[in-house]
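Working notes for the structure below.
Here, each number is a calculation from the coordinates, and none is a lab measurement. Values in this document were obtained by computation on a predicted structure and should not be read as measured data. No Cβ is skipped: glycine too gets one built from the backbone with ideal geometry, and neighbour counts run over all protein chains shown.
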Amino acid sequence: MKIMSWATIVLVAAINQISTTNGDEPKSRLALDKISSQASSLVGPEQISGAMFKLAEPEAWKPESNDEVGRGAGRDVYAKAGTAVVVVRVGEGHGTGFLISNDGWIITNQHVAVMGLLDLATGARVVDIHFGRYEDRLISVDSEAYPAEVYAMDEARDLALLRLVKQPPYLAQIKPIEIAATNPAPGDDCVSIGHPSAGLLWTLRSGEVSGVGDWPKEHIDSVMASLAATGVNADQSQLAMEGIPKRRILLSTCPINPGDSGGPLLNPEGKLIGITFGIPKGGTDQGISLDKFSYHVHIDELKEFVKTKPNHPQIAVPSPWPNAMFGDLKDTDQDGRWDTWGFAEEQGGDMTGVMFDLDQDTQPAFKESYITDPEKRSKWDFEFAATFKPFFRAFYDTDNNGDIDLILADVDGDDKTGVSQA
């Protein structure tokens, strides 16, 4: 793990420990949701990889248009629905989304929208939307960014609802994507439009629906484990499965890459049958061919999600828990008690965040493995925390009552922090 030495961070934490008014901000949770942490122990190496938005340095992101001409049904879908598909830029990355109404409502994935920057004035997450203009059978990007606020997010379904703050003058000319009247079934033709890494904006891919089912109940690894379980193991397996949020999904043979997250899966009439969110996690060494099928949220889930639209953007409470799969506990003063917990997305990778138990009252039996268990993780009694992605934030529990009451954030990357008191 890198960024700075433990000693330096501990010193910075101690220097910055200051007093302010008491607050009652609810404790946030680790950005990695409970679905991934629980399901990973059930579904094995073919666990779905959800983080399918494309991360890149801001200066490296350059709009490109698709100069390929489609054939057959895909060509017709591209012309009919392509301009309703948008680029969703979030901090240092991008995903895909699509317009569902001419008053500015847009759908994308939750794991894309959650990376949006926080507007300190309103408390809402904000993303940048780029539209495309159709001409001579091609779609070219409008380089002007139109901000959109996050109105609702559903982690279990991996869906997010956005609304444009500023609308392009040609918005009324774009036909929103409609939900198909008939649910998809295996063998149905389908078309994906999105913005894949190493590809072009508005890249079209054709395929067919491969399967439809409930995840994780009908995921093949879960089914096999359930069929093989007997006695107490069967009961435990059933209880574990009941504790995991469920969603209806479908598989398709459309090749999907990072950057496609939140994009539409369409039938030959250009109607929506699914929302792209992931690909199998693994590789040929595990007997998995990543280009054979992709995962999409079923339209039944979207119908439930958009039944009611909020009147106001969702207030985003910054989380002191960083994106991480690995933790590293330290006893920096060698007194037999943990005082520092560092985080990283990859083993040995750069730190994504750090937390300090300055008064060292966390129980010595605390374990690094608790990073994947929200209930056990909450037993870490920290007074200062810092996250480094998508930008720097510092969190303080200044009166040591277990609640964050001061947040410093450098949201614009100018090495200066704004103050938010809870």
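Projecting the Cα positions of V85, A145, Q167 onto the charge dipole of region 73-171 (unit charges on Cβ atoms of Lys, Arg, Asp and Glu, taken about the Cα centre) puts V85 furthest along the positive direction. By other beta-carbon atoms within 10 Å, ranking S140, S369 with the fewest at the front produces S369, S140.
Taking R0 as 51 Å, what FRET efficiency do you get between E269 and D333 from their Cβ-Cβ distance, rounded to the nearest 0.05? The partial results should precede the final answer.
Details: r = 66 Å, r/R0 = 1.30.
In this case the efficiency is close to 0.15.
State to the nearest 20 debye the size of the charge dipole of region 102-228 about its Cα centre, where the only charges are +1 on K and R beta carbons and -1 on D and E beta carbons. It would help to have the intermediate numbers written out before the result.
On the way: 9 positive and 18 negative charges, 43 e Å.
Dipole about the Cα centre, nearest 20: 200 debye.
About the centre of its Cα atoms, region 68-167 shows a dipole size close to 260 debye [charges on the beta carbon of Lys, Arg (+1) and Asp, Glu (-1) only; nearest 20 debye]. Remark: spin-label model distance A185-A121 equals 5.3 nm, labels positioned 7 Å along the Cα→Cβ axis. At full extension, S197 and E368 could sit 58.2 nm farther apart than now, given 0.36 nm per residue minus the alpha carbon distance.
Of K80/K217; K246/K389; K246/K303; K309/K379, which sit over 26 Å apart, Cα to Cα?
Working: K80/K217 36 Å; K246/K389 29 Å; K246/K303 15 Å; K309/K379 36 Å.
The answer is K80/K217; K246/K389; K309/K379.
Just subtract the alpha-carbon distance of R75 and S101 from 0.36 nm times their residue separation and send over the number in nm, one decimal. Mind showing how you got there, number by number?
On the way: separation 26, 0.36 × 26 = 9.36 nm, distance 2.29 nm.
Contour length minus Cα-Cα distance gives 7.1 nm.
Packing here is the average count of other Cβ atoms within 10 Å per residue, and on that basis the peptides 122-134, 172-184, highest first, run 122-134, 172-184. Neighbour counts of C-beta atoms inside 10 Å place Y146, Y78, Y170, Y295 in the sequence Y170, Y146, Y295, Y78, starting with the fewest.
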